[in-house]
Ligand code: NDP
Ligand code: GDR
């Protein structure tokens, strides 16, 4: 029988890649979006699946609406990808972030328990829950110490997922995913901000790329590899928690250097800390500048995940290397900039 999946956050990066993967596996895919004046389907369109996904409206702040949606869809698998996912915004909107990310997950789990408790549930947990460095590399056993309202809200959502598994025997899984990027990443996140800005500079549409903390280290993988891990988790007989990561870490500064190379620049750094500037060796032009206003009130300095459990139990392996990821993002943005399309992406 055809399996039916409900993906919340269908308009986001992971929603698009996951929908594509599930459609390729023969699933009937329901994509949940929140109502707004104009719904943003460019990612589904880029993957050629905008017409293949059945759209349903779902607002994580509204319990009655979630109940109705689950009742209508009767899903076999639910992937909860919807969230206020931008760490910086969570410092400005801590209460809203908690409402959507923490309570929203609880609303969804509780509604699922009422409507379809046998469904398999995936919660989009995050390496931001590790926060302050307690152990390297970070595993499923590493203690949590989140450093932002986003991280704290996601930690609540993680534990409520574990709690529904333990209390009610629901097949509720928490995937603790390290940063994953792609040409479909939102432009507020640092990787896509870098690649889209460098493409604009290359095409004379922007002067300089302003960044915050260049020394933060992240374990960056490709989103397409990570959604495959989500799918594998829900195919297991028992629900559990899994880390997905590459096992490599790099600074924001290194990401800039590699991306700049693919965009045809050769960056040399001048100055230190907040006075750092990235100069193109060939032209002497300033390409990158640090703006201390972009620093966060509390930072996560080092993320480096250990994906061993997922590799052993799920047979999950990432396929795209760091270099391959950066190259694909820069190429996509150079192409969009050449067509004057970056604003709508
Ligand atoms: P995006 O920010 O690209 O997508 C978030 C999605 O959530 C969007 O579709 C957004 O809709 C939707 N959404 C936001 N608020 C609500 C709401 N109140 N009700 C319903 N839908 C809402 O995130 P990603 O695709 O990158 O990430 C997917 C999930 O994985 C998120 O939960 C994120 O926190 C988590 N995560 C992401 C990682 C990453 O590196 N990408 C790593 C670890 C975890 P709209 O388009 O209307 O804004
Ligand atoms: P993160 O991703 O906070 O790890 O959360 P982001 O790309 O926003 O930041 C990564 C690091 O880059 C530093 N940085 C900047 N970040 C942004 N956005 N803009 C800048 O100008 C800038 N300059 C430096 C940040 O300080 C940080 O250290 C992402 C999100 O997808 C979460 O939803 C997800 O849970 C985690 O990844 C894992």
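Please treat every number below as a calculation from the coordinates, not as lab data. Note that this is a predicted model, so its numbers are computed, not measured. Here Cβ is always computed from backbone atoms with ideal geometry, including for glycine, and neighbour counts include all displayed protein chains.
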(request) Rounded to whole Å and sorted largest first, list the principal axis extents of the Cα atoms in region 64-145. (result) 43, 30, 14
(request) State, as an integer percentage, the relative contact order of region 128-181 based on alpha-carbon contacts under 8 Å between residues 6 or more apart. (result) 28
(request) Report the full-extension gain for the segment residue 167 to residue 88: residue separation times 0.36 nm, less the Cα-Cα distance, to one decimal in nm. (result) 25.1 nm
(message) Pairs of alpha-carbon atoms within less than 8 angstrom and 6+ residues apart define the contacts here; what relative contact order does region 1-116 have, in percent?
(response) 30
(request) Can you pull the one-decimal nm distance between simple spin-label points at residue 25 and residue 133, each 7 Å off the Cα toward Cβ? (result) 3.6
(message) Order these by the 10 Å Cβ neighbour count, fewest first: 112, 47, 70.
(response) 47, 70, 112
(request) Classify region 155-255 as rounded, prolate or oblate, taking a ≥ b ≥ c as the square roots of the eigenvalues of its Cα gyration tensor: rounded when a/c is under 1.5, otherwise prolate if a/b is larger than b/c and oblate if not. (result) prolate
(request) With a ≥ b ≥ c taken as the square roots of the eigenvalues of the C-alpha gyration tensor of region 1-95, please select rounded if a/c is under 1.5 and otherwise prolate if a/b is larger than b/c or oblate if it is not? (result) oblate
(request) Just grab the label-to-label distance for residue 261 and residue 145, each label 7 Å out from Cα along the Cβ direction, in nm (one decimal). (result) 3.4
(request) At 7 Å along the Cα-to-beta-carbon direction for both residue 298 and residue 189, put a label point, then send me their distance in nm to one decimal. (result) 2.3
(request) For every helix of n ≥ 4 consecutive DSSP H residues, a contribution of -39,500 (n - 2.57) applies; sum these over the chain, divide by its total residues, and give [θ] at 222 nm rounded to the nearest 500 deg cm²/dmol. (result) -11000 deg cm²/dmol
(request) State, to one decimal in nm², a quarter of the convex hull surface area for the C-alpha atoms of the chain, i.e. the direction-averaged projected area. (result) 16.8
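Over 18 Å, how big is the tail of the calculated P(r) for region 1-56, in percent of all Cα pairs?
Taking all Cα-Cα pairs of region 1-56, the fraction more than 18 Å apart is 21 percent.
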(message) Which one, 217, 282, 193, has the greatest fluctuation when you compute a Gaussian network model over the chain with C-alpha springs under 10 angstrom?
(response) 282
(request) Would you work out if region 39-91 is rounded, prolate or oblate? Take a ≥ b ≥ c from the square roots of the eigenvalues of the alpha-carbon gyration tensor; rounded if a/c is under 1.5, else prolate when a/b is larger than b/c, oblate otherwise. (result) oblate
(request) Select from 117, 237, 75 the residue whose mean-square fluctuation is largest in a Gaussian network model of the chain (Cα-Cα springs shorter than 10 Å). (result) 237
(message) As a test, work out the antiparallel percent of DSSP beta bridges whose residues both lie in the chain, rounded to the nearest 5.
(response) 20
(request) Return an integer: the convex hull volume of the alpha-carbon atoms of region 193-324, in Å³ per residue. (result) 122
(request) Output the relative contact order of the chain, whole-number percent, from Cα pairs under 8 angstrom with separation of 6+ residues. (result) 17
(request) Can you tell me which of 274-280, 142-148 comes out highest on packing, and rank the rest after it, using the mean Cβ neighbours within 10 Å? (result) 142-148, 274-280
